[in-house]
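The values are calculated or read from the model by the stated rules, or taken from the named source; none is laboratory data. Keep in mind it's a predicted model, so treat the numbers as computed, not measured. Here the Cβ positions follow ideal geometry from the backbone for every residue, glycine too, while neighbour counts run over all protein chains shown. Accessible surface is based on the protein model in full, side chains and every heavy atom, while ligands, DNA and RNA are left aside. Shrake-Rupley method; radii C 1.70, N 1.55, O 1.52, S 1.80 Å.
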2 protein chains.
Amino acid sequence: MGIPYNNQISLGEGNTPLLWSKIDGRKIAFKCEDLNPTGSFKDRGSAVLISWFRHHQIREIVEDSSGNAGASLSAYAARAEIRAKIYIPASTSGPKKCQIEAYGAEVVSVPGLRIAAAEAARAATNSDIPYASHSYLPFNIPGYATIAYELLEQMEEPPKTVILPAGQGGLLLGIYRGFEAACRSGFCKAMPQIIAVQAKECAPLWIRFVSGKEEFDAGSGNTTIAEGISIRHPVRDAAVMKALRDCSGRVVVVDEVDILIGRDMLAQKGLYVEPTSAVVWSAIQQLTDECLDPVVVILTGSGYKYSHSGI
Amino acid sequence: MGIPYNNQISLGEGNTPLLWSKIDGRKIAFKCEDLNPTGSFKDRGSAVLISWFRHHQIREIVEDSSGNAGASLSAYAARAEIRAKIYIPASTSGPKKCQIEAYGAEVVSVPGLRIAAAEAARAATNSDIPYASHSYLPFNIPGYATIAYELLEQMEEPPKTVILPAGQGGLLLGIYRGFEAACRSGFCKAMPQIIAVQAKECAPLWIRFVSGKEEFDAGSGNTTIAEGISIRHPVRDAAVMKALRDCSGRVVVVDEVDILIGRDMLAQKGLYVEPTSAVVWSAIQQLTDECLDPVVVILTGSGYKYSHSGI
């Protein structure tokens with residue numbers, strides 16, 4: 001038990017609550033992905049990815065992560081009895097690192113930017129030990145697509161606007177493809193407008209969206225407290241741009257101070273999320289009349305996930 | 001929105017996953033109450049309690065808590081737009097205190113044992129500001145009873161053994177009454193045997209169960225890392241003893257070192273819980289052949305809930 005004969009590995013991910021709240025007079029639905037088993041939406045992807053590895057009798061994997069993906073992958077690997085080695089930037093929050101280690105994964109702390117952790121992980125792979133990258137491998141996308149299916153089940157009418165944090169843009173692509181499939185199948189009449197939110201300190205998707213150029217300076221490289229979306233070179237940026245065009249979506253950016261304000265405001269409505277998730281608060285303030293109701297906001301990660309340094 | 005006309009306050013509590021795992025060759029089902037909105041089973045009680053206060057137009061409450069109940073009550077109070085003042089023992093873990101404050105509750109740190117926080121909370125009540133005690137008020141019990149109903153839905157056959165941590169014994173009484181109602185209604189043929197687990201350092205229910213005496217020395221008063229069940233004078237100890245007799249249940253105790261071992265062993269199966277929850281690991285080891293399958297173990301609180309001090 002634990003590992004069924006069909007190798008489908010689950011920790012009970014998905015079926016997260018949808019909570020309605022009134023923000024500045026407007027009804028907003030919050031999809032609480034922070035309530036997944038390891039505290040983030042990444043669990044939907046890990047369930048697919050680790051089940052695939054288990055099916056192929058993989059016994060050991062390596063991965064790099066800024067925290068949530070590593071914690072999620074480690075938990076599912078533990079459930080599947082697969083050894084995991086996780087390379088993390090040295091700046092990763094204490095709670096996420098503790099969580100990864102608790103699941104029994106080997107944690108390797110890599111100094112420097114996030115890309116250094118990715119390079120170290122890739123160097124550790126071989127023909128028996130695959131690079132279980134949540135960024136490069138395609139398995140997370142169908143996992144995240146299930147959020148769209150659940151929204152269609154949970155709401156009286158399909159969402160017309162979806163707000164979500166974007167780093168690599170995997171969540172965006174997953175939800176986009178979920179609604180695309182639903183539209184093709186007749187479960188949904190129109191794609192919602194997707195509003196991707198980035199921290200102004202690290203906003204390559206925003207720069208590309210606004211400039212329209214494929215080659216651009218990815219910004220100052222300053223760090224942001226929205227560590228989960230601190231990605232300077234998104235792997236699927238072209239696919240993200242195409243998805244945004246198709247759904248008449250856009251990218252908005254948020255100042256650091258507004259991330260902290262957002263975190264406090266959400267918590268005071270009973271929604272305790274990490275700074276990465278809290279970028280959505282400013283995006284709600286930036287909603288125009290052209291953004292149609294119903295509006296859904298994806299809360300991506302738990303408030304426990306950030307170090308308790310009193311910030 | 002957020003507050004419906006019928007004053008029913010919810011943050012999406014309940015419907016938690018039931019995960020099967022093989023422990024020492026025996027199939028065990030884990031009910032993941034740590035995946036409730038604020039990270040503990042207390043949310044089932046807070047939903048009932050805060051809805052009741054909202055219905056009675058209460059605008060402010062006080063409560064004492066060792067952490068989980070305070071965090072839960074604060075979140076539901078925030079959702080209900082009720083002011084909350086939470087008295088906590090000064091020894092409460094940092095993450096729980098941070099979480100309570102994040103929800104906008106006023107936190108008062110009280111030196112000394114847990115009872116000092118309770119006395120301070122009671123002293124702060126008046127005719128307009130009730131004592132929202134999760135220990136004394138009866139509203140949590142029907143909230144916890146829903147765990148029994150869900151188990152009957154989630155399992156192929158009703159559990160014959162239920163293992164759970166016990167401090168006040170509220171969770172035990174709730175689950176007991178849930179199964180009692182199910183038996184009366186014909187949804188369940190027999191009460192499961194309930195095994196309550198206490199930390200040896202603070203085990204008044206165990207002492208009373210073993211000695212059979214109503215008056216007894218509640219132990220050394222040593223602190224335990226199982227802070228959520230560190231209760232020297234359980235309010236409903238007589239009701240707990242009656243419930244245990246009725247279901248042929250018993251109380252077992254766990255050493256501190258076995259709590260830490262249990263925490264690590266559970267995490268390495270993908271189940272990341274706080275030390276209070278981890279007392280169940282030793283109880284699983286103490287299962288005898290007389291404890292019938294299927295066995296359900298209640299995981300009460302999230303692993304994020306404990307301070308990340310490297311212990």
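Per residue, how much accessible area does the protein assembly as shown show when a 1.4 Å probe rolls over the protein heavy atoms, in square angstrom?
Here the residues of the protein assembly as shown average 39 Å² of exposed surface.
Shape of the stretch B:227-311 from its Cα gyration tensor (a ≥ b ≥ c, root eigenvalues): rounded if a/c is under 1.5, otherwise prolate when a/b > b/c, or oblate? Write out the running numbers ahead of the final one.
On the way: a/c = 2.25, a/b = 1.37, b/c = 1.63.
Taking the square roots of the gyration eigenvalues as a ≥ b ≥ c, the stretch B:227-311 is oblate.
Determine the share of chain B's accessible area contributed by carbon and sulfur atoms, expressed in whole percent, with a 1.4 angstrom probe.
50 percent
What percent antiparallel are the DSSP beta bridges of chain B, to the nearest 5?
The answer is about 20 percent antiparallel.
For residue A:301, enumerate residues with amide H under 5 Å from its amide H, sequence gap 5+ or separate chain, H modeled in the peptide plane.
A:34, A:274, A:277
Pop a pseudo-label 7 angstrom from the Cα along the beta-carbon direction at both residue A:18 and residue A:90 and give the gap in nm to one decimal.
So the two model labels end up 4.5 nm from each other.
Rounded to the nearest 5, what is the percent of antiparallel bridges among the DSSP beta bridges in the stretch B:20-126?
Around 30 percent of the beta bridges assigned by DSSP in the stretch B:20-126 are antiparallel ones.
Nearest 100 Å², what total accessible surface is buried between chain A and chain B (probe 1.4 Å)?
Numbers: alone 13640 and 13650 Å², together 24310 Å².
Heavy-atom accessible area buried at this interface is about 3000 Å².
Considering only the label points, 7 Å along Cα→Cβ from Cα, what distances in nm to one decimal separate residue A:90 from the same position in each other copy, shortest first?
Those separations, rounded to one decimal, come out as 3.7 nm.
Specify the angular offset, from 0 to 90 degrees and rounded to the nearest 10, of the alpha carbon long axis of helix B:275-285 from the longest principal axis of the alpha carbons in chain B.
10 degrees
Tell me, what is a quarter of the convex hull surface for the C-alpha atoms of the protein assembly as shown, in nm² with one decimal?
27.4 nm²
Looking at the protein assembly as shown, what % of its DSSP beta bridges pair antiparallel, to the nearest 5?
Around 25 percent of the beta bridges assigned by DSSP in the protein assembly as shown are antiparallel ones.
Per-residue HN-Hα couplings for the stretch B:115-132, Karplus 6.51 cos²θ - 1.76 cosθ + 1.60 at θ = phi - 60°, whole Hz, x for Gly and Pro?
For the stretch B:115-132, the Karplus curve yields 4, 5, 5, 5, 5, 5, 5, 4, 5, 8, 7, 8, 5, 9, 10, x, 7, 7 Hz.
Find me the longest stretch of chain B that has none of the exposed trypsin sites (Lys or Arg not before Pro), where exposed means in a DSSP loop (not H, G, I, E or B) with at most 10 other Cβ atoms within 10 Å.
Longest stretch, sites excluded: B:1-188.
Per-residue accessible area for residue A:266 at 1.4 Å probe radius, Å² rounded to 10?
That residue has around 0 Å² of solvent-accessible surface.
What is the local net charge at residue B:42, summed over the other residues whose Cβ is closer than 13 Å to its Cβ (Lys, Arg +1; Asp, Glu -1)?
Its environment carries a net charge of -3.
What length, rounded to one decimal in nm, is gained on full extension from residue B:233 through to residue B:152, with 0.36 nm per residue of separation minus their alpha-carbon distance?
That pair, residue B:233 and residue B:152, stretches by 26.0 nm at full extension.
Whole-Hz Karplus ³J(HN,Hα) for the stretch A:293-305, in order, using 6.51 cos²θ - 1.76 cosθ + 1.60 and θ = phi - 60°, x for Gly and Pro?
In residue order, the calculated couplings are 7, x, 9, 10, 10, 8, 8, 8, x, 6, x, 5, 6 Hz.
Please compute the Kirkwood hydrodynamic radius over the stretch B:42-157, one decimal place, Å, based on all pairs of different Cα atoms. Intermediate results must be reported in sequence, preceding the final value.
Numbers: mean 1/r = 0.0693 Å⁻¹.
One over the average 1/r among Cα pairs gives 14.4 Å for the stretch B:42-157.
Where in chain A lies the longest segment free of GluC sites (Glu not before Pro) that are both loop residues by DSSP (not H, G, I, E, B) and have at most 12 other Cβ atoms within 10 Å? The partial results should precede the final answer.
On the way: sites that count: A:156, A:214, A:215, A:290.
Of all site-free stretches, the longest is A:1-155.
Gain in length, residue B:127 to residue B:246, computed as 0.36 nm per residue apart minus the alpha-carbon separation, to one decimal in nm?
Extending this stretch completely gives an extra 39.0 nm.
Tell me, what HN-Hα J-couplings in whole Hz come from the Karplus equation 6.51 cos²θ - 1.76 cosθ + 1.60 at θ = phi - 60° for each residue of the stretch B:259-265, using x for Gly and Pro?
Along the stretch B:259-265, the couplings run 5, 5, 4, x, 4, 5, 5 Hz.
Taking the Cβ of residue A:14 as the center, what net charge do the other residues with Cβ under 14 Å away carry, scoring Lys and Arg +1 and Asp and Glu -1?
Numbers: positive: A:31, A:42, A:44; negative: A:13, A:33, A:34, A:43, A:150, A:153.
Around residue A:14, the surrounding residues sum to -3.
To test your reading of the geometry: what angle, between 0 and 90 degrees and rounded to tens, separates the Cα axis of helix B:68-80 from the longest principal axis of chain B?
Relative to chain B, helix B:68-80 is tipped by roughly 50 degrees.
Run the helix sum for chain B: -39,500 (n - 2.57) per DSSP H stretch of 4+ residues, divided by residue count, reported at 222 nm to the nearest 500 deg cm²/dmol.
About -11500 deg cm²/dmol.
Compute the distance in nm between two label points, each set 7 Å from the Cα along the Cα-to-Cβ direction, one at residue B:189 and one at residue A:215.
7.6 nm
Rg and Dmax of chain A, using alpha carbons, in Å: what are they?
Expressed in Å, the Cα Rg and Dmax of chain A come to 18.3, 56.
Can you list the distances in nanometres, one decimal and ascending, from the residue A:56 label point to the identical position in each other copy, with the point 7 Å along Cα to Cβ?
The projected label point of residue A:56 is separated from its counterparts by 6.0 nm.
Angle between the Cα long axis of helix A:140-154 and the longest principal axis of chain A, 0 to 90 degrees, nearest 10?
Between helix and principal axis, roughly 40 degrees.
Consider the operator that turns chain A into chain B: which A residue has a Cβ nearest its axis, and what is that gap in Å?
So the chain A residue sitting closest to the axis is A:304, 2.
What is the set of long-range amide H partners of residue B:23 at a cut-off below 5 Å, with H atoms built 1.01 Å from backbone N?
B:28
R0 = 25 Å: FRET efficiency of residue A:108 with residue A:56, Cβ-based, nearest 0.05?
Working: r = 24 Å, r/R0 = 0.96.
That pair, residue A:108 with residue A:56, gives E of 0.55.
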